[in-house]
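For reference, the structure discussed in these notes is given below.
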Amino acid sequence: MKQLIRNARLETGYQTKDEVVIKTNTEITDLLIEEGRFSKIGPHLQESADVTIDAKKQLLLPSLREMHIHIDKTYFGNGWQAPIPAKNGIYTRLEEEKTLLPEQLEVAEQRAHTMIQHYIRLGHTHIRTHVNVDPQIKTKHVQLVKRVLQDYENQITYEIVAFPQHGLLRNGSEFLTILEDALKLGVTHIGGVDPASLDRNIGEVLATTFALAKKYNVGIDMHLHDRDTLGAFEIHRILDFIEQKKFSQPVTLSHAFALAGISDNELDELMQRMAENKVDVTTTVVISDENLTLPVKKLYDNGVTVSFGHDSLTDHWSPFGTGDTIQKLNLFIERCGYIDEYQISQSLRYASGGITPLNEQGEQVWPKIGDQANLILVDAVSSAHMIARQCPISTVVSAGEIIYQTDITLKGAYRG
């Protein structure tokens, strides 16, 4: 199967003035895709193809990745419903889930389908979803999510985190048997939540988590909301376990609010250890509190991979999720005060698995022949333009196959 994309706009370099990037240079070209990968790139390709796409000078960019979502428990796709006040914090939500999630089982599968289709329309070709494993729902959500995601195996890639939302130890030894049953179903990660404040036993939680991760050969994605020195201590203990156990599977810290509220010296020490152990971070770009917004660029500059996620698309935890990662990037640049072409365009990496058309030196590094053809076509003139003006996506391609396409009114640079 061959696909040919004609008249696509590719970023080729930065235009500078007085050593400041003032514009992204682009060229209109064609791209041939064979067996899901770019095989030829150049103007006016004389190639026959099974499918031809006229990009109409739209910008061709890498597709997006959603790295933190819960597709198993959502109100999305079923009208509007606001959460109730959390009078007792997380414990309000955990108590609520005991009855809410079993009640939603009849509609949860269809809502998950609706959510994935929404993500595809918004340019995503990869999703990492956390899936509740708790004393009430047991492995039902994992089974449900696996069924749903298998329907999209030809469109997206995905990761599934068996997520003990209600704690690892506080529900007794019987729950560990349930969690193991979930891990046996073929998930990619084991999750966890605040071992200090939820289970109140950092050492045993981490020992159990790492032992299960090693037994089932899965990664770890730990949700850390604990702040300041307590949260920093948890991170150090996680790093201790990685080093002591010589743990080689990927480890992600989700939220990791402590990284926003500790001293520079403490942060420097943590970043160095995290980079050395290849521990990455996922953030939703919190805006409500200065001490909750992570120093994303500083982490990246110090060798720590950072990815963006939405966490929810309106559920009993939050009414704010949208699944629109271009909007999330826009929120990030406004929160950080990035207004110039260079900083805005380089911010794309947090939503694309680190891929940007231009590297930090302004050299074109994507797409290259041999790269997998996961891409979006956007009515924009540069990455920075897309992020700052939230330009619309017309086409989503996964491994060379069109998985979404719609007609949009093309406005180019003249976008209000």
Can you list the aspartates and glutamates whose alpha carbon sits under 13 Å from that of residue 87, skipping same-chain ones fewer than 8 residues off? 95, 96
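For residue 243 and residue 174 in one chain, what is 0.36 nm times their gap in residues minus the Cα-Cα distance, to one decimal in nm? Can you show the working numbers first?
On the way: separation 69, 0.36 × 69 = 24.84 nm, distance 2.95 nm.
Full-extension gain reported as 21.9 nm.
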Cα centroids of region 362-392 and region 308-334: how far apart, whole angstrom? 21 Å
Show 174, 180 ordered by accessible area, largest first, where the area counts protein heavy atoms only and the probe is 1.4 Å. 174, 180
Take residue 146 and residue 88, extend 7 Å from each Cα along the Cα→Cβ direction, and tell me the distance between the two endpoints in nm. 3.4 nm
FRET efficiency for residue 136 and residue 15 from the Cβ-Cβ distance with R0 = 45 Å, rounded to 0.05, comes out at 0.20
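So if the hydrodynamic radius of region 1-76 is defined as the Kirkwood radius over C-alpha pairs, what does Stokes-Einstein give as its diffusion coefficient at 20 °C and 1.002 mPa s, in µm² per second? Please list the in-between numbers first.
Values: Rh = 15.0 Å.
Here the translational diffusion coefficient equals 143 µm²/s.
Using heavy-atom solvent-accessible surface (probe 1.4 Å) with all chains present, what is the largest-first order of 113, 141, 225? Mind showing how you got there, number by number?
Values: 113 30, 141 0, 225 70 Å².
Final ranking, largest accessible area leading: 225, 113, 141.
Could you give the dipole magnitude of region 190-240 about its Cα centre, charging the beta-carbon of Lys and Arg +1 and that of Asp and Glu -1, in debye to the nearest 20? Kindly include the intermediate steps, with their values, before the conclusion.
On the way: 5 positive and 8 negative charges, 42 e Å.
Roughly 200 debye for region 190-240.
In the neighborhood of residue 390, defined by Cβ-to-Cβ distances under 13 Å, what is the net charge if each Lys or Arg adds +1 and each Asp or Glu adds -1? Could the numbers behind the result be given before it?
Values: positive: 328, 389, 411, 415; negative: 324, 334, 379.
So the surrounding residues net to +1.
Determine Rg/Rh for region 92-243; Rg is computed over alpha-carbon atoms and Rh is the Kirkwood hydrodynamic estimate from the same atoms.
On the way: Rg = 15.9 Å, Rh = 16.3 Å.
Here Rg/Rh amounts to 0.98.
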Can you send over the carbon and sulfur percentage of the accessible area for region 115-164, probe radius 1.4 Å, protein chains only? 39 percent
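What FRET efficiency comes out for residue 336 versus residue 268 if R0 is 22 angstrom and r is the Cβ-Cβ distance? Round to the nearest 0.05. Don't skip to the end; give the middle numbers.
On the way: r = 19 Å, r/R0 = 0.89.
According to the calculation, E is roughly 0.65.
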Heavy atoms of the protein only, probe of 1.4 Å, neighbouring chains included. What is the accessible area of residue 17 in Å², nearest 10? 130 Å²
In whole angstrom, how far apart do the alpha carbon centroids of region 1-41 and region 144-176 sit? 38 Å
Among 317, 80, 366, whose mean-square fluctuation peaks in a Gaussian network model of the chain (Cα, cutoff 10 Å)? 80
Quick one: which residues, 5 or more positions from residue 404 or on another chain, have an amide H under 5 Å from its amide H? H modelled 1.01 Å from N in the peptide plane, none for Pro or chain starts. 396
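Just the number please: accessible area per residue for region 44-105, 1.4 Å probe, all protein chains included, in Å². Let's see the in-between values first.
Details: 3180 Å² over 62 residues.
Result: 51 Å² per residue.
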Kyte-Doolittle at least -1.0, axis length at least 30 Å by Cα - qualifying DSSP helices, the chain: 90-121
Debye log10 I(q)/I(0) at q = 0.21 Å⁻¹ for region 264-416, Cα point scatterers: -1.54
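Taking the Cβ-Cβ separation of residue 414 and residue 211 as r and a Förster radius of 45 Å, what is the calculated FRET efficiency to the nearest 0.05?
Numbers: r = 58 Å, r/R0 = 1.29.
After rounding to 0.05, the efficiency reads 0.20.
Strictly over 22 Å apart at the Cα level, which of 297/328; 73/297; 138/184; 146/278; 184/214 would you flag in this model? Don't jump to the answer; show the numbers that get you there.
On the way: 297/328 15 Å; 73/297 31 Å; 138/184 13 Å; 146/278 28 Å; 184/214 13 Å.
Table pairs above 22 Å Cα-Cα are 73/297; 146/278.
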With all protein chains in place and a 1.4 Å probe, residue 233 shows an accessible area in Å² (nearest 10) of 110 Å²
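How do 341, 27 stack up against each other in accessible area, from largest to smallest, with a 1.4 angstrom probe?
Numbers: 341 40, 27 110 Å².
These residues rank, largest area first, as 27, 341.
The values are calculated or read from the model by the stated rules, or taken from the named source; none is laboratory data. Source: prediction; values computed, not measured. Glycine also receives a Cβ, built like all others from the backbone with ideal geometry; neighbour counts cover every protein chain displayed. Note: areas computed on protein heavy atoms with side chains; ligands, DNA, RNA excluded. Shrake-Rupley method; radii C 1.70, N 1.55, O 1.52, S 1.80 Å.
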